[in-house]
1. Those residues that are part of a loop (DSSP other than H, G, I, E, B) and either open to solvent by less than 40 Å² (accessible area, probe 1.4 Å) or at pLDDT 55 or above (or both), I need them from the stretch 1-27; list them, please.
2. Collect the residues in the stretch 106-119 that are among the aliphatic types (A, V, I, L, M), crowded, with 16+ Cβ neighbours inside 10 Å and free of Cβ contacts under 8 Å to residues at least 40 places away in the same chain, keeping them in residue-number order.
3. Which members of the stretch 236-256 meet the condition of being in contact (Cβ under 8 Å) with a residue 40 or more places away in the chain, surrounded by fewer than 17 Cβ atoms within 10 Å (Cβ to Cβ) and in a strand (DSSP E or B)?
4. For the stretch 120-151, which positions are open to solvent by 40 Å² or more (accessible area, probe 1.4 Å) and of a type in the set (A, V, I, L, M, F, W, C)?
5. Look at Lys195 and say whether it is of a type outside the set (S, T, N, Q) and modelled with pLDDT under 95.
6. Out of the stretch 57-105, which residues are open to solvent by 30 Å² or more (accessible area, probe 1.4 Å), within 22 Å of Thr129 (Cβ to Cβ) and basic (Lys, Arg)?
7. Mind listing just one residue for me: the one in the stretch 163-172 that is assigned to a strand (DSSP E or B) and more than 14 Å from Asp132 (Cα to Cα) and, of those, modelled with the highest pLDDT?
8. I'm told Val187 meets every condition in (1) open to solvent by 30 Å² or more (accessible area, probe 1.4 Å); (2) farther than 30 Å from Leu105 by Cα; (3) in a strand (DSSP E or B) except one. Can you identify the failing condition by its number?
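The values are calculated or read from the model by the stated rules, or taken from the named source; none is laboratory data. Everything numeric in this text was worked out from a predicted model, so none of it was measured. Please note: Cβ atoms are built from the backbone with ideal geometry, for glycine as well, and neighbour counts cover all protein chains shown. When the accessible area is computed, the model is the full protein with side chains, heavy atoms only, and any ligands, DNA or RNA have been set aside. Shrake-Rupley method; radii C 1.70, N 1.55, O 1.52, S 1.80 Å.
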Amino acid sequence: MKFTGIILSLLMSSQILWALTGQDIIDKMEARDQGETMHSIMKMTLIDKDGEETERIIETWSMVYDTEKDLHQSVMEFKSPATVKGTRFLQIQQADRDDDQWIYLPALGQVRRIAASEGSSSFMGSDFTYDDMQLQNSRTNEEHTLLREETLDSYPCWIIESKSTQPDDHAYDKLVSWISKDHLIPVRVEFYDKKDEKLLKVMTVKQNIQKIDGIWTVFETKMENVRENHITLLTILRNADGLPFIEYNKKIDPRRFTRNFLQTGRAE
């Protein structure tokens, strides 16, 4: 290739890079391989303003139930401590609306649907809300703007501002996300309060993303409420050999993703 040809090639590559929009990047992120199924065991640690910690063990399963529309469903079961043991939470992703969500609380002995009006409520006393827990969706009611590019710790990132086109239906004024170019995973997300437009929460991912079964995997996520000085950590547990309790593309009985499983704890 002649020197001028190299220059033209570089210019064209640069134009393609700069032509990426915020929506393009969000689409790339949502299209990344997450496996047909996933099974994991994790620890949820609640840390209050005095540094007191409360730990919970959770088992999770997820699977694609509609391959054409790439729709997922997931279920979580709290294994310990006794105060939350047997609590189960089911989500079924929808193509054109928010996820369907149900929760089973052993003390009540019944399955209850989570209403849309409860979206901003805390999930099990954590710094995640029911809206935060929702599975990835098409974000058809959001506008995404590429603000800039920068490196966060060791990860080159795109910084995307996301705002709802229907503010009355959204829990936050906006989100600002640092999306790793190498992994197409948000490694930092800032949540801004709908009432005063100021920073409310920050979610960060520990800088140790690795591939498990060929899929980029996050091992620790921190959600911090900067106003309440309260933190929730989600950490994938490891076995005696130091291997993480997470696996992809293994068979999961679809009956696990039902209200009957929430009630009984049995996939039958």
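1. Initially, the stretch 1-27 is screened for residues part of a loop (DSSP other than H, G, I, E, B), giving 1-2, 19-21.
Within the stretch 1-27, Ala19, Leu20, Thr21 meet the criteria.
2. The one that is among the aliphatic types (A, V, I, L, M), crowded, with 16+ Cβ neighbours inside 10 Å and free of Cβ contacts under 8 Å to residues at least 40 places away in the same chain: Ile114.
3. Glu247
4. Leu146, Leu147, listed by residue number.
5. yes
6. The one that is open to solvent by 30 Å² or more (accessible area, probe 1.4 Å), within 22 Å of Thr129 (Cβ to Cβ) and basic (Lys, Arg): Arg97.
7. Step by step, filter the stretch 163-172, then rank; the result is Lys163.
8. (1)
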